Amino acid sequence: MKTRIKQAVGLALAAGFGLAATSSAFAAESLQDVMKRRGLSQQDLMAAAKTYVPTGKRDEFLAFSSGGQSGQIIVYGIPSMRILKYIAVFTPEPWQGYGFDENSKAVLRQGNIDGKEINWGDTHHPAISETQGQYDGQFLFINDKANPRLAVIDLRDFETKQIVVNPIFKSEHGGAFVTPNTEYVIEAAQYASPLENQKFEPLTSFNSKYRGGVTYWKFDRHEGRLVPNESFSLELPPYSQDLSDAGKGPSEGWSFTNSFCSERYVGGIEKGRPPYEAGCSAKDTDYMHVVNWKKAAELVKAGKATKINGHDVLPIEVAVKEGVLFLVPEPKSPHGVDVTPDGKFITVSGKLDTHVSVYSFENIMAAIKAGKFESKDPYGIPVIAMKDALHTQVELGLGPLHTQYDAKNCVAYTSLYVDSQVAKWNYCEGKVLDKISVHYNIGHLMTMEGDTMAPQGKYLVALNKLSIDRFNPVGPLHPQNHQLIDISNDKMQLLYDMPLPLGEPHYVVAIKADKLKPAVRYKVGTDSRTDKPHPGAVRAGQEKTVRNGNKVEVFGTLIRSHITPETIEVEKGDEVTIHLTNLERAQDETHGFTVSTFNVHASVEPGKTVTVKFKADKEGVYPYYCTEFCSALHLEMQGYLLVKPK
Ligand code: CUK
Ligand code: CUA
């Protein structure tokens, strides 16, 4: 890999200096010819050499990007920026059969709210499971801001296994963030609302009846599932809670959650009742919530929580009395809260302040130990003075949002939304090191494993909200732009623009590819959504069709190039259930399955068993077939569903 790049760079330099490049790979024309024909500069060739992954070779890192409004996750390689897969999470996705077979429908249905199906999600923050503060490559979590939910994806097969609905929030933004050993997945609320389900409270009761909060979802790593009845929440004031992060190293056991609009402004209600007169951001500061989650979990175990909607919620008064909840002022309208790799500092950027504020965890603890608070908020929560908690503030530019870290000590990168730049800076010494322009209006940014205790450096991805003129025009709705930046040298270098066409990719995480150990096949007869043996699985030769009243159950198999059974006969009105097991053991021999006009589809990877179900409510002849071009006789992999009149 290294030598290849060196060779390519050597060629590029040779061409740039006007020397003829001679290589068998470029027999017909010289590199110089190509540069001339395509209008490429030496800089372009350098960028190409740094990102090009030759055919058959693989990427060093795998990125998991939020798919925004698509409710999915996009997986791509770094540095090639090749898209490898969409993972269906909150939204039906036909290729994977997600939402078109019974097993995946069961996962989607876990996300029903008040008995209603919700077929989309607003995904914001993916998080990879961690062991001792480092990515372990086992699980992936992502939140849905609109319909407050969290999903669990198993990185053995890149499939969504579980969706949980937040029991007390109506929206959330501060998820998913994991504690250093993935004991909990953090999910903080966004817009305050009454915590009791379907309870109406007028906006005039905003201060007294509306609440925010943060939920700590217990994760059972062995089962690979979140455990709702071992999870709990902390009640918080109706300040719009925002992003969160978990402490690590010295700050392990604590978590930090931002807020904005701590003025508690609500539009559209009568004036004359402070604090409503003042709009959001009227004050200079909002609050960072500092929570001792380890102690909060013990208090819940000790029975100090209140049940709301059957869920343990630690009330504000209890949290204050027991010393697990504190506030620290932060520059107004903050966005990211990002703990440094050593766990000693917490970086906060306020969209409306040109500085990043670096808080010292040690200072915060010293103030708490000394009982040194400047005031209490209206809910009785002790407020630590900003000056007592700060380590330093650094002026970076306009609209600082999010921060990630480098492998190099004390080096951080912060996105500047308004300036459309990335700032590289030193958080220990508080000085700016470099800036680079991005295109345009960057939201999150991400370095390789850059939110863990062991960032890898090398590359940074800028997640730009606007692409404007960067790509071929495709109508008024533009793709967003992931820009790859080389951070291995003192000066940052822009390498590549990748359009993201599926939704607004708020955040992305990247892991070293060799930490992932995905399976190539399932144990024969596995329900991939439960990871358990599928009751409808059969071996070759055991295929059968069983009728029970008006219920017809087919136990079938798929193998090149046969669907067994080759015909299914039912009567109009029968309820048809078809279980299919892919008997293949060969890598990548996936078969698909659909029946004409019944809106079912399954992706059946080697070893998997999947069920499709429908009511044969119309008489006729309906071909079924395999939807993956699996072999020379793929088109022959078909059969007939015969629906006879009753
Ligand atoms: S994100 Cu969710 S609003 Cu800055 Cu974390 Cu885009
Ligand atoms: Cu199996 Cu095509």
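Matching residues to (1) surrounded by fewer than 19 Cβ atoms within 10 Å (Cβ to Cβ); (2) assigned by TED's automatic domain parsing to the domain that holds residue 47; (3) within 16 Å of ligand 1 (Cβ to nearest atom):
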position	(1), (2), (3)
503	no, no, yes
508	no, no, yes
511	no, no, no
538	no, no, no
542	yes, no, no
561	yes, no, no
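Restricting 113, 74 to residues that are surrounded by 17 or more Cβ atoms within 10 Å (Cβ to Cβ) and β-branched (Val, Ile, Thr) narrows the list to 74. Restricting segment 380-397 to residues that are assigned to a loop (DSSP other than H, G, I, E, B) and over 29 Å from residue 456 (Cβ atoms) leaves a set whose member that is farthest from ligand 2 (Cβ to nearest atom) is 385.
Only one of 337, 432, 418, 422 is surrounded by fewer than 18 Cβ atoms within 10 Å (Cβ to Cβ) and within 16 Å of ligand 1 (Cβ to nearest atom). Can you tell me which? Answer to the selection: 418. Residue 229 satisfies every condition listed in (1) over 25 Å from residue 320 (Cβ atoms); (2) touching a residue at least 60 places away in the same chain (Cβ under 8 Å); (3) surrounded by fewer than 21 Cβ atoms within 10 Å (Cβ to Cβ) except (2).
Scanning segment 557-581 for residues that are within 15 Å of residue 624 (Cβ to Cβ) and under 36 Å from the mean Cα position of the chain (by Cα) yields 557, 558, 577, 578, 579, 580.
Open to solvent by less than 70 Å² (accessible area, probe 1.4 Å), more than 12 Å from ligand 2 (Cβ to nearest atom), over 22 Å from residue 632 (Cα atoms) and assigned to a loop (DSSP other than H, G, I, E, B), is that true of residue 598? It is true that residue 598 is open to solvent by less than 70 Å² (accessible area, probe 1.4 Å), more than 12 Å from ligand 2 (Cβ to nearest atom), over 22 Å from residue 632 (Cα atoms) and assigned to a loop (DSSP other than H, G, I, E, B). Summed over segment 563-588, residues that are crowded, with 20+ Cβ neighbours inside 10 Å, farther than 21 Å from residue 617 by Cβ and out of contact with any Lys or Arg (no Cβ under 6 Å at 6 or more places or on another chain) total 6.
Scanning segment 602-632 for residues that are closer than 16 Å to residue 582 by Cβ and open to solvent by 20 Å² or more (accessible area, probe 1.4 Å) gives 605, 625, 627, 628, 629, 631.
Of all the listed residues (627, 609), the sole one being part of a loop (DSSP other than H, G, I, E, B), away from ligand 1 (no atom under 16 Å from the Cβ) and among the hydroxyl-bearing types (Ser, Thr, Tyr) is 627. Consider segment 398-408 and keep the residues that are touching a Pro at 6+ places or on another chain (Cβ under 7 Å) and more than 25 Å from residue 292 (Cβ to Cβ). The one that is farthest from ligand 2 (Cβ to nearest atom) is 406. Annotation: of all residues in segment 626-646 being in contact with a His (Cβ under 9 Å, 6 or more places away or on another chain) and under 23 Å from residue 105 (Cα atoms), the one that is farthest from ligand 2 (Cβ to nearest atom) is 627. In the set (1) buried (at least 19 other Cβ atoms within 10 Å of the Cβ); (2) modelled with pLDDT of 95 or more; (3) under 30 Å from residue 366 (Cβ atoms), residue 286 fails one condition alone, (2).
The values are calculated or read from the model by the stated rules, or taken from the named source; none is laboratory data. All figures in this text were calculated on a predicted structure; none of them were measured in a lab. With ideal geometry, Cβ positions are generated from the backbone for all residues, glycine too; neighbour counts draw on all protein chains shown. The accessibility values were calculated without ligands, DNA or RNA, using every heavy atom of the protein model including side chains. Shrake-Rupley method; radii C 1.70, N 1.55, O 1.52, S 1.80 Å.
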